[in-house]
Amino acid sequence: MSKIDYQHIQSAHCENGVTTGLLRHHGMAEINEPLIFGIGSGLFYIHIPILKLNNAPIISFRILPGQIFKRSCNLLGIKIISKNFRHPQDAQSFLEKKLNEGVPVGCRVGTYHLPYFPPEYRFHFNAHNIIVFGKDETHFYVSDPVMDFTSILTPEELSRVRYAKGLMAPKGYLYYPDRVKPLDLNTLKSAIVSGIKRNTRDMLYIPGNIAGVRGIAYTSSKIRIWRSKLGLRRAQLYLAQIVRMQEEIGTGGGGFRFLYAAFLEKAAEILNEDKLLTASDSFTEAGNLWRNAAVEMAGIYKGRLVEQKDFDRVADMLMNIYNIEKQAFKFLSKMKF
Amino acid sequence: MKKDEVPQDITFLTKITKELCYVKNETGKYESALSTGWQVKHEALVEAWEDINKNNEEALKAVLKGEKSPIYYFMLLNLMDISLLASYTGFWKFTIRRHMKPAIFNKLSNKKLNIYAKVFDISVEQLKNITKNE
């Protein structure tokens, strides 16, 4: 069998990385991770109080898995082929067929059984993305965009992670862009503008109070009552969960805010629009403030700061971030492109 | 975050890989940089694992006292809940709850034990003979 000449690209986030890697493989050299993240309007905030992950509320700083790839490819005018398979054998033979045709393929996998992952990071998380780019007699070649090296997996190991069970079970899901044409500048420009507009709409006008910028204020109000409602230990673990969602491998730091700021900087250059640099600075500031808040939260979960006033201080910091992000998106929504 | 502020702390990642983050360089432009990890979030992960390990120890005690069957302990050890274990084994949740009772567990067929053992990546012997050394 064959090994495709695929250039491994490390990225902050797996889905951005797979999208960037596949598009660059098909000749779109101008595409990079911040562009994909911004065009896919990846920035988000949601606090889901009812659903629990590891006994703490789910807080996400990005949109749903799969959306970045779909939105960015759509806007760039690229056709996507994606498939699920009921039977693992079918999933594997289809993958092998594409590899024989010389097509690297994106696969959604669970992380719990990924042998090359650090053991402490192996949770039942089923929305991880990797690129499979070859196979020999015994192994598949795998490019995992969050790692700085490529890996190999046996067919059994690959099948196991492609058929991980539970929430968002991948069911052998694979995807790849089809018939990629060279990118023209106008398509890129209009994709960037659409990405910004959609992200602005999602963050400012999504209904309810748990998502978009208002979700940040919601979390802030919750942080004020966690200590008295849940007890100190549980409240500490909830804050630790926020920091993990915000900073764990994948966000590029500051809950994707730096990545979005990098996108706006690139967008300013491509669209020749200096106002976008002002917006970029706001998101850099937001990212820095998220990291400052994480330092304060660490003080609480490490037991150095355990009073109600410490929780209130974190809540105040989040309200400040809420205001900055709201202003930044309002600024973007008023821009004429 | 500026390029010279990229944390290079010793974390679970350090020996295995580096993670990519986006930072401002000397000229105020964004570029990517590699980090071995950040103490602040490393501690968040450590806290999460301490919570998990504490629950696992309590589960082990419950099994050794004869209150629960080993399936309960190995389920938690594999970070699963009953729904997830049901998806992996193909048993109903109701059935799994029954199998968590020691009296019923002791009468389980080897075939059923094998299904659990395979999901937990252990042998049937390990599943049946749980000790304090686990």
Taking the full set of protein chains and a 1.4 angstrom probe, give the accessible area of A:S190 in square angstrom, rounded to the nearest 10. 60
Kyte-Doolittle mean at least -0.5, axial Cα span of 18 Å or more - DSSP H helices of chain B: none
Computed FRET efficiency, Cβ-Cβ of A:N292 and A:N209, R0 30 Å: what is it to the nearest 0.05? 0.80
Residue-averaged [θ]222 nm for chain B, counting only DSSP H segments that reach four residues, each worth -39500 (n - 2.57): -15000 deg cm²/dmol
Using DSSP H assignments, which helices in chain A have an axial alpha-carbon span of 15 Å or above and a mean Kyte-Doolittle hydropathy of 0.0 or higher? A:257-271, A:275-301
Proximal lysines relative to B:K61, as straight alpha-carbon distance under 17 Å, when same-chain residues fewer than 8 apart are discounted: B:K101, B:K128, B:K132
Just for the protein assembly as shown, what percent of DSSP beta bridges are antiparallel, to the closest 5? 95
Work out which trypsin sites (Lys or Arg not before Pro) in chain A are exposed loop sites (DSSP not H, G, I, E or B, at most 14 other Cβ within 10 Å) and give the longest gap free of them. A:180-303
Checked against a 22 Å limit on the C-alpha separation, the offending pairs among A:K70/B:K2; A:K98/A:K266; A:K52/B:K68; B:K68/B:K93 are A:K70/B:K2; A:K98/A:K266; A:K52/B:K68
With the cut-off at 1.5 for a/c, could you classify the stretch A:186-334 from its C-alpha gyration tensor as rounded, prolate or oblate? prolate
Suppose every Lys and Arg Cβ carries +1 and every Asp and Glu Cβ carries -1, with no other charges. What dipole size does the protein assembly as shown come out with about its Cα centre, to the nearest 20 debye? 1980
Please go through the stretch B:78-115 and write out the chymotrypsin sites (Phe, Trp or Tyr not before Pro) that DSSP classes as loop and that have at most 14 other C-beta atoms within 10 Å. B:W92
What are the lysines whose alpha-carbon lies under 17 Å from the alpha-carbon of B:K3, with same-chain residues fewer than 8 places away excluded? B:K18, B:K24, B:K29
Report the GluC sites (Glu not before Pro) located in the stretch B:1-101 that are in a DSSP loop and have at most 13 other Cβ atoms inside 10 Å of their Cβ, or state none. B:E26, B:E67
Mean shadow area (nm²) of the C-alpha convex hull around chain B is 10.6
Starting from the Cα gyration tensor of chain A, take the square roots of the eigenvalues, sort them a ≥ b ≥ c, and report rounded, prolate or oblate (rounded when a/c is under 1.5, otherwise prolate if a/b is larger than b/c, else oblate). oblate
Selection from A:T20, A:I39, A:P57 lying farthest towards where the dipole of the stretch A:1-84 points positive, charges on Cβ: A:P57
Relative contact order for chain A: what is it in percent, counting Cα pairs under 8 Å that are at least 6 residues apart? 21
Determine the dipole magnitude for chain B: charges of +1 sit on the beta-carbon of Lys and Arg, -1 on that of Asp and Glu, nothing else is charged, the reference point is the Cα centre, and the result goes in debye to the nearest 20. 960
Given a Förster radius of 30 Å and the C-beta distance between A:I81 and A:D148 as r, what FRET efficiency does 1/(1 + (r/R0)^6) yield to the nearest 0.05? 0.55
Can you send over the solvent-accessible area of A:M319, 1.4 Å probe, protein chains only, in Å² to the nearest 10? 60
Under-5 Å amide H pairs with A:G134, H placed in peptide plane, nonlocal only: A:I4, A:Y141
Put +1 on the Cβ of each Lys and Arg and -1 on the Cβ of each Asp and Glu in chain A; which of A:L277, A:T154, A:A293 then has its Cα farthest toward the positive end of the dipole? A:A293
Work out the length of the dipole vector of the stretch B:50-128 about its Cα centre, built from +1 on the beta-carbon of each Lys and Arg and -1 on the beta-carbon of each Asp and Glu, and round it to the nearest 20 debye. 540
I need the shape label for the stretch A:1-84. Rule: rounded when a/c is under 1.5, else prolate if a/b > b/c, else oblate, with a, b, c from the alpha carbon gyration tensor. prolate
Restricting the stretch B:57-134 to trypsin sites (Lys or Arg not before Pro) in coil, as DSSP defines it, with at most 13 other Cβ within 10 Å: B:K65, B:K107, B:K132
Cβ-based charge dipole, the stretch B:50-128, positive-most Cα from B:L76, B:L113, B:V63: B:L113
Heavy atoms of A:M317 accessible to a 1.4 Å probe, total area in Å² rounded to 10: 50
Per-residue [θ]222 nm for chain A (sum of -39500 (n - 2.57) over DSSP H runs n ≥ 4, rounded to 500): -17000 deg cm²/dmol
For the stretch B:50-128, convex hull of alpha carbons as volume per residue, Å³: 82
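The values are calculated or read from the model by the stated rules, or taken from the named source; none is laboratory data. Bear in mind that the values here come from a model prediction, so they are computed numbers and not experimental data. Ideal geometry is used to build each Cβ from the backbone, glycine not excepted, and the neighbour counts take in all protein chains shown. Just so you know, the surface numbers come from the protein's heavy atoms only, side chains and all, with ligands and any DNA or RNA stripped out. Shrake-Rupley method; radii C 1.70, N 1.55, O 1.52, S 1.80 Å.
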